[in-house]
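Visitor: Got a structure for you, written out below as structure tokens; questions coming shortly.
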Amino acid sequence: MKIGDITIEALIDGETAYPGEFLYTNKEREDWTEHEQFLDPCTGNYVNTLGGFLIRSGDRVIVLDTGIGSKPIYPWLGGGFRSSLLSKGVAPEDVTDVVFSHLHLDHIGWAAQHGKPFFSNATYRCDRRDWDFFVSPDYEIPEWESSTSNPAEDSAANRLAPVASRMEFFEGEQGLFPGISTLESSGHTPGSTVLLLESGGEKGLLLGDLVHSEPELYDDNWDFVNHVDHDAGRASIENALGSSDAQPRQRSAWLRGPARVATVAVRGRRPRSRSAAGGPPPPPSVADQ
Ligand SMILES: [Zn+2]
């Protein structure tokens with residue numbers, strides 16, 4: 001995908017799948033009935049892809065989020081991030097910048113490997129509020145994180161220790177690179193970040209974990225279970241999507257690939273397809289990236 005002169009490609013580390021109703025505090029199985037096209041037809045579960053993005057803009061080679069890492073606990077699957085990066089013709093040492101949308105364990109898995117920065121030449125960045133929250137000795141890892149990982153290795157404090165000296169921090173809205181800036185998007189975590197891409201008259205959003213499935217894009221009453229601040233999370237979704245200038249139906253049409261790693265809304269482009277009934281189209285495959 002291109003936003004003007006900025007190129008975006010999905011980097012797939014793995015996936016996890018749960019019954020759709022497990023993802024939201026206020027939804028039951030029947031609430032997914034009208035959204036069945038977004039569920040895995042084999043299992044009926046909602047599949048969330050884990051990974052990140054490769055963003056190329058000018059001389060910058062940017063990785064946004066680094067997956068869950070090589071040793072998650074089922075039903076979380078990971079380990080493909082390096083291979084996905086290499087498949088794009090990029091070696092870890094080619095990456096100039098790493099940006100974390102937030103510091104949940106499924107976004108920092110490849111920040112370091114074997115106690116060393118995985119991206120050996122990169123500057124790492126995140127919102128300071130997330131660093132202060134997750135790396136604090138007072139951080140109490142929630143059950144959903146501890147049960148899907150090895151906290152002694154995978155917690156933010158441990159995983160990010162090898163890159164601490166490389167960290168640069170931003171807070172709220174700030175320009176990072178030409179055409180790429182952050183939006184204030186706290187709620188999922190204290191310093192959750194949405195990247196706003198603007199180039200050639202087009203606009204795109206990389207939403208991180210602000211949105212976890214397609215129905216959230218055109219219905220404002222899907223309350224994700226693991227937001228730290230539920231009200232702020234929902235408000236941030238509206239703020240971010242409002243900045244895309246897309247109507248709700250268009251938002252859904254502009255989903256590209258699995259929502260978790262590939263949620264992009266673009267101004268200035270028509271959706272490529274709609275379902276015959278005029279409703280939201282099925283999600284395109286990763287190959288459409
Ligand atoms: Zn998260």
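Please treat every number below as a calculation from the coordinates, not as lab data. All of these numbers come straight from a predicted model, not from anything done at the bench. Positions of Cβ are backbone-derived with ideal geometry, glycine not excepted, and every protein chain shown enters the neighbour counts.
Visitor: Can you list residues whose amide H is under 5 Å from G4's amide H, if they're 5+ apart or on another chain and H is modeled 1.01 Å from N?
Guide: Those lying under 5 Å, H to H, from G4 are E202.
Visitor: Lys and Arg at +1, Asp and Glu at -1: add these up for the other residues within a Cβ distance under 9 Å of G67 and post the number.
Guide: On the way: positive: none; negative: D13, D65, D106.
Residues close to G67 contribute a combined charge of -3.
Visitor: In debye, nearest 20: dipole of segment 1-112 around its Cα centre with unit charges on the Cβ of K, R (+) and D, E (-)?
Guide: Using Cβ point charges on Lys, Arg, Asp and Glu, segment 1-112 gives about 380 debye.
Visitor: Given a Förster distance of 41 angstrom, what is the FRET efficiency for D132 paired with E21, based on the Cβ-Cβ distance and rounded to 0.05? Walk me through the numbers before you get to the answer.
Guide: Details: r = 33 Å, r/R0 = 0.81.
Taking R0 as 41 Å, the efficiency between D132 and E21 is 0.80.
Visitor: Sticking with this structure for a sec: Please turn the phi angles of segment 203-212 into ³J(HN,Hα) values with the Karplus equation 6.51 cos²θ - 1.76 cosθ + 1.60 (θ = phi - 60°), one per residue in order, whole Hz, x for glycine and proline.
Guide: 9, x, 10, 10, 8, x, 9, 5, 10, 10
Visitor: Of the options W110, G58, S87, report the single residue whose Cα projects farthest towards the positive end of the charge dipole of segment 39-114 (beta-carbon charges: Lys, Arg +1; Asp, Glu -1).
Guide: Value computed over the given set: S87.
Visitor: Hey, can you grab everything whose amide H is under 5 Å from the amide H of F170? Only 5+ residues off in sequence or another chain; H modelled, so Pro and N-termini drop out.
Guide: The answer is C126, D127, R128.
Visitor: Something else: Would you mind checking the radius of gyration and Dmax of segment 1-110 based on alpha-carbon positions, in Å?
Guide: 16.0, 48
Visitor: Report the paramagnetic label zone for D223: residues of segment 21-56 whose backbone N is under 19 Å from a point 7 Å from Cα along the Cα-to-Cβ axis.
Guide: Residues 21-32 fall inside that zone.
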